[in-house]
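In what follows, a single structure is set out as structure tokens and then discussed.
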Amino acid sequence: MQKVKYIHFVGIKGVGVAPLAIIAKEAGIEVTGSDVEEVFITDKALQESGIIPFVGFSPDHIKNPDLVITTGAHGGYDNIEVITAKEKGIPVLTKGEAVGEYMNGEILGRKFTGVAVAGSHGKTTTAAILTTIFKECGKDPSYVVGTGSIGSDTLPGHLGKGNYFIAESDEYATEPTHNHRAQFLWTRPSVAIFTNIEHDHPDIYPSLAEVVQVFQEFAGNIKDGGLLVGNADDPQVDQILKNYKGRAISYGLSPRNDYVLTRVHASGDQTFFHVLFQGADLGEFRILLSGDHNCLNALGAIVIAIESGGLSLELIKPALAKFTGAQRRLEYKGQLITGAYVFDDYAHHPTEIRSTLKALRMRYPKEKIVAIFQPHTYSRTKALLHEFASSFADANQVIVTDIFASAREGVDESVSAKILIERIAQHHSNVLYVCTPSEAASFIMSEQLGEGVVVVFMGAGDIYQAIGVLSLKNSK
């Protein structure tokens, strides 16, 4: 692997694949890639890195690379480019396998201290915060974060000069049709953090028990002498911490944790909190984010910065304050010309929806909150229908679009946006159906929403593209 000089990436625009391509480019490896023509949030990052993807998938794109790295979407192993590579005898790795090879230094020819950030929710933000802290404190980490950008100008992938390799680590399948092994099981980190564990990806995991099992297995992948950090407020994480034979540190809101989040209060777009360590107050911290869940994400990163990075509070506090958020994580986009504030968020699970809306309600206690939600995948919508129905309590109005079918699944006519709306209406008095994200944007513009209104677009599909249709002032 250390002789790799040319890598082709299949599905290069994916948030998990694009950072790997950027790192390879920075390592001096020749990079090509292909993907569909649609706009992705990674387009700008790839362009800034000098990577222009081929449009569509073709055998002609496989021009004898040393290695092919493929997404699980767009056919995965059945993609024509992957088939062509295998016919030519070219090694093929999935995204999950590649993250493991990068962290282990096999492809990049370097040894790293691997830090894996895992969990059902919050792993992108936690990984981005940790990356920012290490970066601001002079550690120049390498990192893979599954988004389009960290802050306003930081690429989602980077090959640093430091010893740390930070990777957002996903429990989803290596390849959803042919290989259900959890992606993060391909990595052997020195440090891992579990933010929480819930039933997600029902197309792969029939119940919560199977999800817990793979996290338990992943804990066993941590290298000897390593560290497991976990949010022990989550009962599943708490049990894994108790079962773990190595060094384990807990954090959370409960006083029984090693690191305790306390005295959280918001002021505008900032949130302040204190941290207790074994009863001692470590002082006040500040983040440019809203919500208790983001304070917990920050605390997880702080714990690693202290316990693994050896960083002082005097360095961590100002570094944390410089983090401005990850793309599509409660990202402020600007104001409508009529005055309403517009946000974009990746929330696609009931817990994430609740956390996002709670954070907005904390920040805007008197404003009208309009939530525009695009359900993501038929399997998730069907399996969590009851939980979705009661997730919008902090919104004054809920607008639901049709389900976004992932490239990894087909249509399931037994569930639909209209069925979801019927369930939400049992808990909420103001629910509206629109077919497409663009129709949602048109409706928002027609309502002439003023300064007393907050609009948030939510979902893991293409709902964010609707924001581009809006007439915004003071846009980000």
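Go ahead and collect, in residue order, the members of the stretch 44-63 whose backbone nitrogen is under 19 Å from a label point 7 Å along the Cα-Cβ direction of Ile90.
Flagged as within label range: 51-63.
Specify the inter-centroid distance of the stretch 293-307 and the stretch 435-476, based on alpha-carbon positions, in whole Å.
Between the Cα centres of the stretch 293-307 and the stretch 435-476 lies a distance of 32 Å.
Need the C-alpha centroid separation for the stretch 243-278 versus the stretch 114-160, integer Å.
The distance from the Cα centre of the stretch 243-278 to that of the stretch 114-160 comes to 20 Å.
Rounded to the nearest 0.05, what FRET efficiency is calculated for Arg181 and Gln448 with R0 set to 56 Å and r the Cβ-Cβ distance?
0.65
Quantify how much of the Cα-Cα distance distribution of the chain extends past 29 Å, in percent.
Result for the distance tail: 48 percent.
List the trypsin sites (Lys or Arg not before Pro) within the stretch 1-40 that DSSP assigns to loop and that have no more than 15 neighbouring Cβ atoms inside 10 Å.
Lys3, Lys5
For every helix of n ≥ 4 consecutive DSSP H residues, a contribution of -39,500 (n - 2.57) applies; sum these over the chain, divide by its total residues, and give [θ] at 222 nm rounded to the nearest 500 deg cm²/dmol.
-8000 deg cm²/dmol
How do the peptides 255-261, 118-124 rank, highest first, by the average count of neighbouring beta carbon atoms within 10 Å per residue?
Taking the mean over residues of other Cβ atoms within 10 Å, the ranking is 118-124, 255-261.
Grab the Cα-Cα distance for Asp140 and Glu367, subtract it from 0.36 nm times how many residues apart they are, and report the gain in nm with one decimal.
So the extension gain works out to 77.6 nm.
With a cap of 14 neighbouring Cβ atoms within 10 Å, and only residues DSSP puts in a loop, list the GluC sites (Glu not before Pro) found in the stretch 1-103.
Sparse-neighbourhood loop GluC sites (Glu not before Pro): Glu37, Glu38.
Measuring from centroid to centroid over Cα atoms, what is the spacing of the stretch 355-372 and the stretch 53-97 in Å?
Computed from Cα coordinates, the inter-centre distance equals 43 Å.
Given a Förster distance of 22 Å, report the FRET efficiency between Lys242 and Asp281 from their Cβ-Cβ distance, rounded to the nearest 0.05.
My answer for the efficiency is 0.25.
Expressed in nm to one decimal, what extension gain is obtained for the pair Val264 and Asn163 from 0.36 nm per residue of sequence separation less their Cα-Cα distance?
Working it through step by step, the gained length comes to 33.0 nm.
Taking the stretch 374-425, which GluC sites (Glu not before Pro) meet the DSSP loop condition and have no more than 11 other C-beta atoms within 10 Å?
Answer in residue order: Glu413.
For Ala209 and Glu37, calculate 0.36 nm times their separation in residues minus their Cα-Cα distance, and state this gained length in nm to one decimal.
58.1 nm
What is the distance, in nm, between label points placed 7 Å from the Cα along the Cα-to-Cβ direction at Ala425 and at Ser438?
Result: 2.7 nm between the two label points.
Just to be sure I understand the model, the point goes 7 Å from the Cα along the line to the Cβ. What's the resulting Leu288 to Glu48 distance in nm?
Reported label-point gap for Leu288 and Glu48 is 1.4 nm.
If you take the beta carbon distance between Lys111 and Glu307 as r and set R0 to 22 Å, what does 1/(1 + (r/R0)^6) give as a FRET efficiency, to the nearest 0.05?
0.60
Which residues in the stretch 124-143 place their backbone N less than 20 Å from a point set 7 Å from the Cα of Lys322 along the Cα-to-Cβ direction?
125-143
A short reminder: the numbers here are calculations on the coordinates, not readings from a lab. The shown structure was predicted, so the numbers you read here are calculated from the model rather than taken from an experiment. Note that we place each Cβ from the backbone using ideal geometry, even for glycine, and neighbour counts take in every protein chain shown.
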